[in-house]
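What follows is calculated from the coordinates using simple rules that are stated; it is not laboratory data. Nothing here was measured: the structure is a model prediction, and the numbers come from that model. Cβ: placed from backbone, ideal geometry, glycine included. Neighbour counts: every protein chain shown.
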Amino acid sequence: QERNARSFNFGAYHTLDTIYSWMDTLVAAHPNLVSKVQIGTTYENRPMYVLKFSTGGNKRPAIWIDAGIHSREWVSTASAVWMADKMAKDYGVDPSVTSLLGQMDVYLSIVTNPDGYAFTHTSDRMWRKTRSVNPGSVCRGVDPNRNWDAGFGGPGASKNPCSDSYHGPLAHSEIEVKNVVDLVQSHGNFKAFISIHAYSQLLMYPYGYSCTSVPHQAELDSVGRSAVQALSSLYGTTYKVGSICKIIYQASGGSIDWSYDVGIKYSFAFELRDTGRYGFLLPANQIIPTASETWLGLKHIMEYVRDHPY
Amino acid sequence: RKLFIGHQVLRINAESEEHIQLLKELEDDEGWELDFWTHPASTDLPVDVHVPFASLHAVKDFLQAHKIPFHVMINNLQELLDEEQEGLELSAM
């Protein structure tokens with residue numbers, strides 16, 4: 001097992017156990033900054049962990065970041081591992097990260113769909129959904145990004161349990177989704193909610209369930225465009241920016257629509273890079289470049305949130 | 001472990017609304033067991049479809065018949081997965 005944070009290979013894909021074990025080494029290396037918080041268990045009874053970056057205080061304004069809600073999007077999870085390490089190492093070194101963590105907490109969920117992720121390693125690399133049983137169907141799993149209480153069951157989600165975009169029987173029926181909802185609602189002071197997906201090179205804001213513009217559309221668009229400028233500055237990767245509905249398609253029950261509708265203004269979703277040749281199967285040697293450029297975009301958003309309290 | 005020997009991923013560049021509609025019909029056809037990695041929505045974004053070996057000829061014929069441009073993005077999905085697995089095991093060692 002990867003027992004030493006210094007020997008961990010960030011340029012490789014890892015199993016769930018290895019990632020969970022690495023979280024312990026990160027916490028051990030930065031005990032006054034990072035803690036591993038269990039937010040619940042999955043359908044198959046695996047623990048769900050988030051890394052909490054905090055320099056103190058009680059329920060400070062916070063930023064939520066999740067990766068890997070779609071289990072086959074491995075580069076999302078791998079990038080989150082790299083970014084967790086980066087944020088921990090940059091605290092006290094990079095004035096921007098130091099200032100951010102001096103004022104806000106960051107919650108980072110690296111593997112938001114642990115059952116699905118484990119399944120991609122053992123049985124089906126192309127698995128996207130959760131692993132819950134659907135009564136009356138031979139097909140398992142719900143798309144955890146169609147299961148949130150935001151236009152639930154509307155256009156762009158399937159009622160067919162065999163579909164990869166099956167919305168599930170009820171909003172928040174998936175325990176993995178409910179665990180995040182419960183954490184965010186019980187905390188009550190999240191100011192940003194950022195979901196990291198792969199691939200297609202997009203930075204999106206609400207809505208997906210509707211093609212109408214959100215009240216903060218102009219501001220979110222402007223923040224998104226500056227974030228993408230920062231991201232592109234490293235390797236020239238081109239991103240598109242816009243609302244989910246306008247730049248991809250109408251999709252209901254998505255996480256950032258829910259977060260926006262519960263009052264978290266700065267809600268964004270990244271679709272990380274692909275080279276146009278690999279789709280979900282981005283070679284491991286591109287993990288660090290992907291994570292490095294994404295970090296710049298993410299950091300820009302976090303700085304903006306820090307500097308624009310509401 | 002599910003294998004994907006001979007499966008391909010096609011990148012389709014729809015050029016018109018008619019193409020998008022035809023691709024949506026393809027998406028609704030469950031018989032070919034297609035896995036749309038990106039969905040047909042507009043001509044701005046390419047559509048990537050994972051096609052099982054058994055459906056390859058039929059899907060390519062369909063696209064050619066309707067003059068919808070495409071190219072093979074991944075020639076043999078399993079080869080790429082084998083490389084990925086090898087990297088993972090090497091790293092674990």
Using helices alone, what [θ] at 222 nm do you get for chain A, with -39,500 (n - 2.57) per DSSP H run of 4 or more residues, divided over all residues and rounded to the nearest 500?
-11500 deg cm²/dmol
For A:D105, distant residues with modelled amide H under 5 Å away:
A:A62, A:I63
Per residue of B:46-59, what is the mean number of Cβ atoms on other protein chains within 10 angstrom of that residue's Cβ?
1
What residues from segment A:270-305 fall in the zone where the backbone N is under 20 Å from a label point 7 Å along the Cα-to-C-beta line of B:W32?
A:279-280
Sites B:H57 and A:N285 - FRET efficiency at Förster radius 35 Å, r taken between beta-carbons, to 0.05
0.55
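Exactly which trypsin sites (Lys or Arg not before Pro) in segment B:1-82 are in a DSSP loop and have at most 13 other Cβ atoms within 10 Å? Each step should come with its number before you reach the end.
On the way: sites: B:R1, B:K2, B:R11, B:K24, B:K60, B:K67; in loops: B:R1, B:K2, B:K67.
Counting only loop positions with at most 13 other Cβ atoms within 10 Å, the trypsin sites (Lys or Arg not before Pro) in segment B:1-82 are B:R1, B:K2, B:K67.
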Can you pull the three principal axis extents for the Cα set of chain A, in Å, largest first?
54, 47, 42
Can you give me the long-range amide H partners of B:M73? Hydrogens built in the peptide plane at 1.01 Å from N, cutoff under 5 Å, separation of 5 or more residues or another chain.
B:V9, B:L10, B:R11
Toy charge model, Lys and Arg Cβ at +1, Asp and Glu Cβ at -1: segment A:160-310 dipole around Cα centroid in debye, rounded to 20, equals 300 debye
Report ³J(HN,Hα) in whole Hz for each residue of segment A:213-221, in order, from the Karplus equation J = 6.51 cos²θ - 1.76 cosθ + 1.60 where θ = phi - 60°; Gly and Pro get x.
6, 6, x, 9, 3, 4, 5, 5, 5
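Considering only Cα-Cα distances, which of the following residue pairs are longer than 18 Å: A:K52/A:K86; A:K86/A:K265; A:K89/A:K299; A:K191/A:K265; B:K24/B:K60; A:K129/B:K2? Please list the in-between numbers first.
Details: A:K52/A:K86 14 Å; A:K86/A:K265 26 Å; A:K89/A:K299 14 Å; A:K191/A:K265 7 Å; B:K24/B:K60 15 Å; A:K129/B:K2 16 Å.
Beyond 18 Å between Cα atoms: A:K86/A:K265.
When you count, for each residue, the other Cβ atoms within 10 Å and take the mean per peptide, how do B:26-36, A:254-264 rank with the highest first? Write out the running numbers ahead of the final one.
Values: B:26-36: 13.9, A:254-264: 23.2.
Ranking, from highest mean packing down: A:254-264, B:26-36.
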For chain A, what is the charge dipole size about the Cα centre, in debye to the nearest 20, if Lys and Arg each add +1 at the Cβ and Asp and Glu each add -1 at the Cβ?
120 debye
Give me the aspartates and glutamates in straight-line cross-link reach of A:K240: C-alpha distance below 14 Å, same-chain residues under 8 apart excluded.
A:D221, A:E271, A:D274, B:D44
Between A:N32 and B:K67, with labels modelled 7 Å along Cα→Cβ, what's the label distance in nm to one decimal, could you check?
7.0 nm
Amide hydrogen neighbours beyond the local backbone of A:M48, cut-off 5 Å, H modeled:
A:I39, A:G40, A:T41, A:T42
